[in-house]
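Written below as structure tokens is the structure these notes are about.
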Amino acid sequence: MARAATATINIEAFRHNYRLAKSLARSAKAVAIIKADAYGHGAIKMAYALENEADAFGVACIEEAVELREAGIQKPILLLEGFFSADELQTISELNLWCAVHSLEQIDALANTKLINPIHVWLKMDSGMHRLGVMPKEYRSAFARLNQLEQVAEVVLMTHFANADNIGCPITAQQMQCFDEVTHDLNAPISIANSAATLGYENARRQFQRPGIMLYGATPFSNPHPIADQLQPVMSLTSEIIAIREVPAGEGVGYSHRYVCNQPTLVGTVAMGYADGYPRHAKDGTPVMVNGQRTALIGRVSMDMLTVDLTQVTGAQVGSKVELWGDSLAAAEVATYCDTIPYTLFTGVTRRVHKRYINE
């Protein structure tokens with residue numbers, strides 16, 4: 001029998017979450033962000049799932065876009081990091097990709113390159129994230145120059161929020177004000193809303209939304225939110241109990257005996273470890289579901305296995321199903337016990353975990 005470590009991907013839940021994003025701004029479009037192999041869910045499969053309804057797809061780099069084009073995806077694909085060298089521009093033109101531009105040097109490179117077809121440019125402003133983007137004082141002139149280039153088909157105005165997942169934080173309002181003051185009279189579509197802004201800021205929902213983590217059913221917020229709570233989890237990471245033993249009080253479990261039993265404990269060993277993508281730094285007490293019952297991780301996660309407390313789990317036996325996150329246990333909750341975020345949980349799942357797609 002094959003090792004039971006499996007990531008079950010619910011395609012219909014993925015579609016539901018995209019439709020939720022679209023419903024929040026019915027007259028707007030939504031770029032489905034499927035970079036990093038669709039956050040570990042499988043970019044080609046997720047693109048196929050939305051090929052008939054997505055307005056566009058977003059990836060990080062040209063390699064990810066080429067993979068989608070070679071798989072037959074015809075919808076527009078946005079390169080969120082733009083191009084890294086001028087020699088990529090011909091491929092961007094030939095494949096009809098949309099391309100972020102975030103520096104004056106990139107505009108120079110574009111102006112000095114002869115293209116078969118003009119490309120759609122998404123001009124990024126650094127409104128306060130201070131990672132990528134043309135500075136506000138240079139943005140209008142950059143926009144004007146792009147509009148004069150024969151290499152450019154259309155310009156979309158964009159920025160990215162640093163703290164939209166912290167609703168009520170003044171930084172988001174400051175960034176939006178900065179962007180709007182600079183662009184208020186520029187005649188071009190606008191895209192400023194990531195998942196958090198799409199869900200939490202009505203005034204950020206402009207002509208193009210850019211939903212990412214929400215598509216995979218994980219809330220970007222640390223607290224309940226009436227719209228985010230409608231998201232459906234897409235990935236369920238599961239495995240099985242492969243061994244059970246009774247450990248006396250005072251005995252340690254796992255490497256370094258990080259966890260010491262304070263009472264006689266029924267310990268279950270699960271076929272799941274950090275080589276599968278489950279975080280090694282998960283703390284004792286991290287929630288785990290066994291036979292549909294909530295229990296906890298005990299002991300340090302090892303490469304191929306982890307251990308859980310089965311003392312209060314009814315009917316636990318070798319072969320019992322274990323859910324590490326998914327339909328019954330939110331990835332966002334698990335992430336808090338690992339001092340991380342759902343993004344790293346999803347993208348960290350390794351290739352030896354079997355992927356199973358349902359509701360296609």
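Can you name the residue in segment 152-164 that is buried (at least 21 other Cβ atoms within 10 Å of the Cβ) and in contact with a helix residue (DSSP H, G or I) (Cβ under 7 Å, 6 or more places away or on another chain) and is also farthest from PRO220 (Cα to Cα) among such residues?
Among residues in segment 152-164 that are buried (at least 21 other Cβ atoms within 10 Å of the Cβ) and in contact with a helix residue (DSSP H, G or I) (Cβ under 7 Å, 6 or more places away or on another chain), the one farthest from PRO220 (Cα to Cα) is VAL152.
Can you report the number of residues in segment 328-360 which are closer than 16 Å to GLY217 by Cβ and without any contact (Cβ under 8 Å) to a residue 24 or more places away in the chain?
Number satisfying all stated conditions: 2.
Based on this model, can you work out whether TYR343 counts as among the aromatic types (Phe, Trp, Tyr), at pLDDT 95 or above, touching a Phe, Trp or Tyr at 6+ places or on another chain (Cβ under 8 Å) and assigned by TED's automatic domain parsing to the domain that holds VAL270?
Spelling it out, TYR343 is indeed among the aromatic types (Phe, Trp, Tyr), at pLDDT 95 or above, touching a Phe, Trp or Tyr at 6+ places or on another chain (Cβ under 8 Å) and assigned by TED's automatic domain parsing to the domain that holds VAL270.
Mind listing just one residue for me: the one in segment 47-62 that is touching a residue at least 40 places away in the same chain (Cβ under 8 Å) and buried (at least 24 other Cβ atoms within 10 Å of the Cβ) and, of those, farthest from GLU360 (Cα to Cα)?
Within segment 47-62, the match that is farthest from GLU360 (Cα to Cα) is GLY58.
Considering only segment 271-310, state which residues are polar (S, T, N, Q) and farther than 26 Å from ASP339 by Cβ.
Answer for segment 271-310, where residues must be polar (S, T, N, Q) and farther than 26 Å from ASP339 by Cβ: just ASN291.
Pick from ALA43, ALA21, ALA54, ALA71: which is over 27 Å from GLU202 (Cα atoms), modelled with pLDDT of 95 or more, out of contact with any Asp or Glu (no Cβ under 7 Å at 6 or more places or on another chain) and in the same structural domain as SER93 (by TED's automatic domain parsing)?
ALA71
Please give the number of the condition ASP284 fails out of (1) in a helix (DSSP H, G or I); (2) surrounded by 14 or more Cβ atoms within 10 Å (Cβ to Cβ).
It fails just one condition, (1).
Checking the structure you have, find out if any residue of segment 110-121 is aliphatic (A, V, I, L, M), more than 29 Å from the chain's Cα centre (by Cα) and surrounded by 21 or more Cβ atoms within 10 Å (Cβ to Cβ).
Yes, segment 110-121 contains at least one residue that is aliphatic (A, V, I, L, M), more than 29 Å from the chain's Cα centre (by Cα) and surrounded by 21 or more Cβ atoms within 10 Å (Cβ to Cβ).
Can ASN203 be described as assigned by TED's automatic domain parsing to the domain that holds PRO76 and either surrounded by fewer than 24 Cβ atoms within 10 Å (Cβ to Cβ) or assigned to a helix (DSSP H, G or I) (or both)?
Answer is yes for this residue.
Yes/no matrix, rows are residues, columns are (1) on the phi < 0 side of the Ramachandran plot; (2) touching a helix residue (DSSP H, G or I) at 6+ places or on another chain (Cβ under 7 Å); (3) not assigned by TED's automatic domain parsing to the domain that holds VAL121:
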{"position": "GLN148", "(1), (2), (3)": "yes, no, no"}
{"position": "GLY168", "(1), (2), (3)": "no, no, no"}
{"position": "GLN175", "(1), (2), (3)": "yes, no, no"}
{"position": "PHE179", "(1), (2), (3)": "yes, no, no"}
{"position": "VAL182", "(1), (2), (3)": "yes, yes, no"}
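Answer yes or no as to whether VAL308 is closer than 22 Å to ALA218 by Cβ and modelled with pLDDT of 95 or more.
No; evaluated as a whole, the condition is false for this residue.
Across segment 177-199, what is the number of residues that are surrounded by fewer than 21 Cβ atoms within 10 Å (Cβ to Cβ) and farther than 22 Å from GLY82 by Cβ?
The number of residues fulfilling the criteria is 6.
Can you pull out the residues in segment 137-153 that are among the aliphatic types (A, V, I, L, M), in a helix (DSSP H, G or I) and farther than 15 Å from PRO189 by Cα?
Selection gives ALA142 alone.
Pairs, please: C-beta under 7 Å, at least 6 apart or cross-chain, first residue closer than 30 Å to PRO220 by Cβ and in segment 231-247, second among the charged types (D, E, K, R) and modelled with pLDDT of 95 or more?
Close Cβ pairs (under 7 Å, with a partner that is among the charged types (D, E, K, R) and modelled with pLDDT of 95 or more) amount to PRO233/ASP327; SER236/GLU323; SER236/ASP327; THR238/LYS321; THR238/GLU323.
Residue under question is GLY133, and the condition is that it be crowded, with 19+ Cβ neighbours inside 10 Å and not aromatic (Phe, Trp, Tyr); does it hold?
It is true that GLY133 is crowded, with 19+ Cβ neighbours inside 10 Å and not aromatic (Phe, Trp, Tyr).
When segment 286-327 is examined, which residues are found to be in contact (Cβ under 8 Å) with a residue 40 or more places away in the chain, more than 19 Å from ALA2 (Cβ to Cβ) and charged (D, E, K, R)?
ARG300, ASP309, ASP327
Going through GLY128, GLY40 one at a time, which residue ends up being in contact (Cβ under 8 Å) with a residue 60 or more places away in the chain and either over 22 Å from TYR216 (Cα atoms) or buried (at least 20 other Cβ atoms within 10 Å of the Cβ) (or both)?
So the residue among GLY128, GLY40 that is in contact (Cβ under 8 Å) with a residue 60 or more places away in the chain and either over 22 Å from TYR216 (Cα atoms) or buried (at least 20 other Cβ atoms within 10 Å of the Cβ) (or both) is GLY40.
Return yes when GLY252 is surrounded by fewer than 21 Cβ atoms within 10 Å (Cβ to Cβ), in contact with an Asp or Glu (Cβ under 6 Å, 6 or more places away or on another chain) and over 27 Å from PHE14 (Cβ atoms) and no when it is not.
no
Is one or more of the residues making up segment 91-98 closer than 28 Å to THR344 by Cα and either in the same structural domain as ALA193 (by TED's automatic domain parsing) or more than 22 Å from the chain's Cα centre (by Cα) (or both)?
yes
The values are calculated or read from the model by the stated rules, or taken from the named source; none is laboratory data. Predicted model only: the values in this text are computed from it and were never measured. Neighbour counts are summed over all protein chains in view; Cβ atoms, including those assigned to glycine, are modelled from backbone coordinates with ideal geometry.
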